[in-house]
Every structure is written in C-alpha cells, then in structure tokens.
Amino acid sequence: MMKKSRRSFLKVAGIAAIGLGASPAMNFASSDSDGTALAVKGKNEQALTAHRWGMVIDTNKITEEIAGKITEVCHKTHNVPDFKHDVDPEKFPKTRPVNHKQEIKWIWEEEFHYAFPEKEDEYLAEKFHDLPFLVTCNHCKNAPCVQACPTQATFKREDGIVIMDFHRCIGCRFCMAACPYGSRSFNFRDPRPFIAETHPDFPTRSKGVVEKCNLCAEQLAKGELPHCVQVSEGAIVVGDLEDPESDIRILLKEHYTIRRNQSLGTEPSVYYIV
Amino acid sequence: MLEIAIKGSKNYWSWIIFLLLVMGAGFIVYVDQFLNGLMITGMSRDVSWGFYIANFTFLVGVAAGGVMVVIPYYLHNYEKFHRITILGEFLAVAALVMCLLFIIVDLGQPTRALNVLLYPSPKSMLFYDMLVLNGYLFLNIVIGWKVLEAERNQVEPPFWTKPLIYLSIPFAIGIHTVTAYLYCGLPGRGYWLTAILAPRFLASAFAAGPAFLIILCYLIRKFTKFDPGWEAMQTLAKIVCWAIIANLFFFLCEVFTVYYSNIPGHKAHLTYLLFGYHGYNALVPWMWTGLILMFTGAIFLVIPQLRNNKTLLPFTCAMIFFGAWIDKGLGMISGGFVPSPLHHVTEYAPTKPEIMITLAVYATGFLVLTILYKLATQVKEEVRG
Ligand code: SF4
Ligand code: SF4
C-alpha cells in the first residue's frame, strides 16, 4: 500500500514537473549528456539509483504470455511504432506501405539459437527449443556502440545505463554496425502514424534517428521500476550489480547464469538464469 | 583559370548537360528521401548500411589510388609521370567530393551533420575519417591548382607546395586505412574483424584508382590534343597489375583463415557471399563475377604481350575496376551484415530511388572531374603550344 501511494504521488509530481517544462523524463533527451544522471538524481530524492544497473531474466519464469505482455508494455510506454498498426487515414493521409524489415523494437522474443548463436548445439536440451528468450540492449559495460558514435548521441551514464540523445543523433547508424547484439533500431520513416496512442511521459522520435532500450531511465528517475519488471511476474529483476547485497547480486550468487556472446568482452549487464 | 571551363565544344556541353540532368533527377529523388526518410532505400534493421556506404568505401579507394602517381613522380623523380600527376590529384578531388556526398545522403539527419564537429568524439573512427577525408581533399585541391597554375605561367610552383605534396602521401594511405578501421574494429562482425582489412582495402584501391586513370588517359587522348604518354600508361598498368594480385592474395589469405579455422561467426559471411547461406544467395553470382573479372584482369596484365596491347588494355582496366567495385562495394558491406549478429539472414538490394541518388552522386563527381580535367588538359596543350 505504502508503495502504491508513493507512486501516485510521484506521478502527480511528475506531471507537475512537465508543466514546468523540466520533467525528468525529458531530461535525458536534452543535450546535456554528462550531467544528466546527476541532474535527475538531484531533482528527485526518490529516484532509484545504482552504481551499475543490471538485469536478471529468469527464463524459467517467462511464458509466451508474460513475454508478450513485456514487449507490449515496453513498446507502448516508449512510443515505439508498431508497423502492424492500421494507420488512421484522416490524421496521416498518404502514408506509404511499410517495409517490415525496417521495424523498430526495444525488447523482443528470440529463439535460443538466435539469442545465443555462439552456444548453438545439436544436442541442446529439449526445453530450450521452445522457450522464448527475451533480448534487449545489454547496457554493456564496454559498449561498442558508445565507442563508435561520432557525436556522443549514444553515451554511458555514470550508473551504467547506455542511453541516447535523440536530438543529437545524426542517423549515421555506426552504432548499429557496432552493436554485436542487434539491439538498435533506426527510424527509417516518421514513426508517429504507427503509434496507436501516444504516451505523454515519453518523447516520440523523428525519422532519421536510432533508438533502443533505455532501461526505463525515466521510470527510475521517478523512483519506479522499469515497465518490463513490473509486468514480468517476477521473471525480470533489475538492481545494482556493484552492490553485493542487492537482490540481483543474490540471484546471481544462487543461480547459474549466462550472458549473450560474452567472448567479445563487451561485458553485458543482462544475465539469463537458464 | 576557371574561364577555360566555360569554353568548350558541342560534345563538351552535351556531356555537361547530360550530367546536370542526371544530377537533377537524382536531386528530386533525394528531396523525397529528405522528407520521408531512408525508408525509400532497401536498407533494413539488419542491413543498416547499403549502397551509399558501399560506394563511399569504394571511392575512398579511388581517391587514395591517386597517390600511386604522386609517389613515383615526387619521391622517385619518375619523369614519365610528370604529365599525369595532376590527373591523379584531380581524380582524387572528384572521388572525394563523391565520398562526402555519399556520407551526407546516407545520414538520417543530414542537417545535423555538423554535430560531428560540435561534439568531437576521439574514440569514434568516423571522427578521424572525417578529418582525413577533408584534409586529403583540401591538400589535393590546393596542390593540384597551384601546380597547374604555375605550369600555365611557366614558373616553378610556390615552394610551400612541396611539403604539402609530401604530406598528401600519408594522407592518401590514411584515408583508406581509417575507412577500413571503421569496419574492422567492430567486435560482432566477423567478416570485417580482420587485421588484413586495411591492407586489402589499400591493395584494391591501388588497383582500382590507377586502372580508372588509365581509362581516363584513353578518353583524354580521344577527346583532347593532350597526350598523357603511352609509357606512363604502361607503368600505371604494371602498378595495377601488382596491386590487383596483392588484393587477390589478401583475399585468399582471408579465405584460408576463415575456412581452416572453421569459426562459424567468421565463416558464415564468406559462405553467404561465395556459396549462399541457408538458401539465401543473391550476391553469389556477383561475387564470382567480381572474382573472375579481377583474376582475368590480373592475368592479362601479367603477360607483357597482353599488357602492351593498346586495344586490350582499356578493357582489362575496366574489368579490374568493375571487379574491385563488386568486391569492395557490393560484397564488403552487405557481406558484413549478412548474417546478422543473431544469425538471422536479411538480404539487401538497393531500391530504384537509392540507385537514382547514387547515380546522381556519381554524376556530380564526373562533373567535377570533367571540369578539372578540362582545365588540366587545356593548360598542358597551351604550354606545349
Ligand atoms: S547491447 Fe548493443 S546497444 Fe546495448 S550497450 Fe551493448 S552494444 Fe550498445
Ligand atoms: S546513429 Fe546516432 S547514436 Fe548512432 S552512432 Fe550515429 S549519431 Fe550516434
């Protein structure tokens, strides 16, 4: 109960802040790249913080249904366009047909041998064949995308979140070539006709910029857990990888976990319990 | 000196008007891309670079190839190249103009291009690429212009052009090395993740650039009174010969390493290009055509009788040029993206609008080249009287 009321208070506070034109959600989209994490912290005492954010996904707990809910809530709250959505011809006349290969996704289901191609095995345990593996940005400790970006539009916050400034991105797509996990999408076209309902807490993007999972930085800033965690029924946990007492570290201590293509040295911050 | 460019024959003007028409048509398509985004291209989430970047990469090579006339003439005092060094430098200028245009048309937000300067990012290879490309363009414009002007006035070029010329040599190597570094430093792309990429790029550049220069020499002989000199062209042909052999050799080294080590992440790309992968094989005929063209071209150049054959040489050069274009343009970029890091296979083919914009960029390059070559040849004709 306590938690609930605190949340609704925060929502009100958040809305008030939008009124003032200084919403924390918009903050990370500003051009002030380095100070962002601190600025958010400074503005909101309740913000969830970490030295290095990480995520544990318990694949045993993920069902098709839960996976579906997770992708849906993530994409809805972040105004990720859905190319299957029927465009409103009145609002967006002359919308051209879509090319599904140009789709945008932040978190999605993959089969085991796509999520972990380097672990491909003829005699793989049966259960892995049908399990949905959720994949998303790994918020790599040594992120190749950050290194590649020529404008610092993709950057790493002090708390380990790899995040983007959509207003600075020039759309060179160097980061997409650099990401070894296919976590990034490019707005080949204006995404707005394909957003069924625009979520007011998060900016929509323009054409020509790259985007990807931001670990719900806007939620953390409000003191709330990422949307995927909230609907995951305990299958996804986020927390501080550098705090030995954190939930996530305890999970890592107790379970055997794997990360995607570890041999590359990118140090992904997303762990899978298998 | 520019006044020379506006006095020309009927042929000259028809060619210029033709180029302008292609540029205009491409520009109209570009306006559509500018307004509606890169959706008009065949690129996708998995293959996020396509024809534009492929041609960019190839043309960086053509630009760098110009140094193959600069080195013999300025470092080894090889007099035969005296007449054609300017052609090499101006070819580099035209190629670089196209490179920069290809970068611009590839950007999702071209109006923000200056962000690369506003937020310099020394860890990004693109940052260095931009520095060396612009640096090399600047050097070649200044050097080419000053040397030609001096020749026209029958005086020695200003003393400060010499150090700039020497500087342009490492820059030429630099532009193509850094362009290779764009690709070969990326951890998840097995096809590019190889130390031989930069040497391979340079080898194919030193073949394609001079090969094109030989073709241009033929055209110059046909359309102007200026003769670049058969001996100079022969020497160029030898350069092309060894460079294309080096390129093929590097490619075979790559094939050996990939197949003998048998590492799937590296093998999949070459397999896709050479034999098809999981039933996807759009590039297979192209790749073999490219290899056969380069290989046959190399044989034709090694055998002196064939190399000395005045009728055959331009065709040999065209084969090598086109072969290198397939290898580096079509194969190198798509090959790196297919299969994706998740081992999905999404094939790529440029769309009509994409090809139209590409042609327009080429037309712009040819316009620059035509004008610069007209200046150069006319001045040389005048001087020789
Ligand atoms: S998963 Fe890809 S996009 Fe995310 S931080 Fe790592 S390299 Fe960057
Ligand atoms: S597309 Fe945007 S975020 Fe990606 S490297 Fe280019 S400027 Fe950076």
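Values computed for the structure shown
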| item | result |
| --- | --- |
| Residue match in region A:100-107 (condition: free of Cβ contacts under 8 Å to residues at least 12 places away in the same chain and either in the same structural domain as A:Thr59 (by TED's automatic domain parsing) or not hydrophobic (A, V, I, L, M, F, W, C) (or both)) | yes |
| Inter-residue pairs, beta-carbon under 6 Å, first hydrophobic (A, V, I, L, M, F, W, C) and in region A:175-203, second within 16 Å of ligand 1 (Cβ to nearest atom) and assigned to a helix (DSSP H, G or I), 6+ apart | A:Cys175/A:Cys145; A:Cys175/A:Ala148; A:Ala178/A:Pro144; A:Ala178/A:Cys145; A:Ala178/A:Ala148; A:Cys179/A:Cys145 |
| Region A:128-165: number of residues that are more than 13 Å from ligand 1 (Cβ to nearest atom) and open to solvent by 20 Å² or more (accessible area, probe 1.4 Å) | 6 |
| Residue match in region A:101-114 (condition: within 10 Å of ligand 2 (Cβ to nearest atom) and either over 26 Å from A:Gly68 (Cβ atoms) or buried (at least 20 other Cβ atoms within 10 Å of the Cβ) (or both)) | no |
| Residue that is open to solvent by 20 Å² or more (accessible area, probe 1.4 Å) and either within 13 Å of another protein chain (Cβ to nearest Cβ) or not in a helix (DSSP H, G or I) (or both), where the choices are B:Phe18, B:Phe34 | B:Phe34 |
| Verdict on A:Ile170 being within 16 Å of ligand 1 (Cβ to nearest atom) and either at positive phi or open to solvent by less than 20 Å² (accessible area, probe 1.4 Å) (or both) | no |
| Matching helices (runs of 4 or more DSSP H) fully within region A:74-185 where at least 3 residues are within 14 Å of chain B (Cβ to nearest Cβ) | A:112-115, A:144-148, A:174-178 |
| Any pair with Cβ under 6 angstrom, 6 or more apart, that starts in region A:54-82 at a residue that is on the phi < 0 side of the Ramachandran plot and ends at one that is of a type in the set (Phe, Trp, Tyr) and part of a loop (DSSP other than H, G, I, E, B) | A:Cys74/A:Trp106; A:His78/A:Phe202; A:Val80/A:Trp106 |
| Output for region B:251-269, where each listed residue is aromatic (Phe, Trp, Tyr) and open to solvent by 70 Å² or more (accessible area, probe 1.4 Å) | B:Phe256, B:Tyr259, B:Tyr260 |
| Odd one out for B:Val97 among (1) more than 12 Å from chain A (Cβ to nearest Cβ); (2) of a type in the set (A, V, I, L, M, F, W, C); (3) surrounded by fewer than 18 Cβ atoms within 10 Å (Cβ to Cβ) | (3) |
| Condition met for A:Ala115 (modelled with pLDDT under 95, over 23 Å from B:Val345 (Cβ atoms) and among the small types (Gly, Ala, Ser)) | no |
| Looking only at region B:53-94, and only at residues there that are assigned to a loop (DSSP other than H, G, I, E, B) and not small (Gly, Ala, Ser), the one that is most open to solvent (accessible area, probe 1.4 Å) | B:Asn77 |
| Any hit, region A:209-219, residues being open to solvent by 50 Å² or more (accessible area, probe 1.4 Å) and part of a loop (DSSP other than H, G, I, E, B) | no |
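To keep it simple, each residue is scored yes or no on (1) of a type in the set (Val, Ile, Thr); (2) within 7 Å of ligand 2 (Cβ to nearest atom); (3) within 23 Å of B:Thr111 (Cα to Cα).
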| residue | (1), (2), (3) |
| --- | --- |
| A:Cys137 | no, no, no |
| A:Cys140 | no, no, no |
| A:Gln152 | no, no, yes |
| A:Ile161 | yes, no, no |
| A:Met164 | no, yes, yes |
| A:Gly171 | no, yes, yes |
| A:Met176 | no, yes, yes |
| A:Asn187 | no, no, yes |
| A:Asp190 | no, no, yes |
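The values are calculated or read from the model by the stated rules, or taken from the named source; none is laboratory data. Since the structure is predicted, the reported quantities are computational estimates derived from the model, not experimental observations. All Cβ positions, glycine included, derive from the backbone under ideal geometry; neighbour counts span all protein chains shown. These area figures cover heavy atoms from the full protein model, side chains too; ligands, DNA and RNA do not enter into them. Shrake-Rupley method; radii C 1.70, N 1.55, O 1.52, S 1.80 Å.
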